[in-house]
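Below is one structure; the comments refer to it alone.
The values are calculated or read from the model by the stated rules, or taken from the named source; none is laboratory data. What you are looking at is a predicted structure, and each value in this text was computed from that prediction instead of being measured. Virtual Cβ from ideal backbone geometry, glycine too; neighbours counted across all protein chains shown. With ligands, DNA and RNA removed, areas are computed over all heavy atoms of the protein, side chains included. Shrake-Rupley method; radii C 1.70, N 1.55, O 1.52, S 1.80 Å.
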Amino acid sequence: MDLKLELAVLPVSDVDRAKAFYEKAGFRVDLDASPTDQWRAVHLTPPGSECAILLGKGLTSAAPGSTQGLYLVVTDVEAARGELVDRGIDVSEVFHDAKGLLFHGHADGAVAHEIPGQERQAGPHPDRASYGSYATFSDPDGNGWVLQEITQRAPGR
């Protein structure tokens, strides 16, 4: 059985502001529907992704900005960061963990969940190891995104 993640719902406070942010970041608008004044759905897909996001009105009871740790996989984290910055998105500097631990958490680009032994360092992983280099950004409500550089997938992926 294949189980494919297709959609993540993001809680936002201002649908139009969030839509404009994601369009500026390069996401494609697949749907913007509002059949009633109480309900609106905006479906956006990141470039090259099979998974999309859904934001809107009347979709979720989660607090705006409460979604954290959404990963966008890229083959070159520095180039992806540069493109987002060129589009006007505030993105953290590229970083890695000196001990090779997976970055987990967001909190304005800082580690939100301490991992024993984690040692965050500036710049990409020195060997450019897959799964080892990161940058972070947030949407206007604080929903947190992580860019992760992967050039070679782990077995079975």
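Take Gly82 and tell me if it is outside any strand (DSSP E or B), free of Cβ contacts under 8 Å to residues at least 40 places away in the same chain and surrounded by 13 or more Cβ atoms within 10 Å (Cβ to Cβ). First the steps, then the outcome.
Numbers: outside any strand (DSSP E or B): yes; free of Cβ contacts under 8 Å to residues at least 40 places away in the same chain: yes; surrounded by 13 or more Cβ atoms within 10 Å (Cβ to Cβ): yes.
Criteria met by Gly82.
Only one of these is surrounded by 13 or more Cβ atoms within 10 Å (Cβ to Cβ) and either of a type in the set (A, V, I, L, M, F, W, C) or in a strand (DSSP E or B) (or both): Val42, Val29. Name it.
Answer to the check: Val42.
Taking the condition of being assigned to a loop (DSSP other than H, G, I, E, B) and in contact with a Pro (Cβ under 8 Å, 6 or more places away or on another chain), how many residues in the stretch 62-79 meet it?
Number of matching residues: 6.
Looking only at residues that are aliphatic (A, V, I, L, M) and touching a Ser or Thr at 6+ places or on another chain (Cβ under 9 Å) in the stretch 1-14, which one is surrounded by the most Cβ atoms within 10 Å (Cβ to Cβ)?
It comes out as Leu10.
Looking at Val94, is it open to solvent by less than 50 Å² (accessible area, probe 1.4 Å), farther than 21 Å from Gly142 by Cα and either under 15 Å from the mean Cα position of the chain (by Cα) or of a type in the set (S, T, N, Q) (or both)?
no
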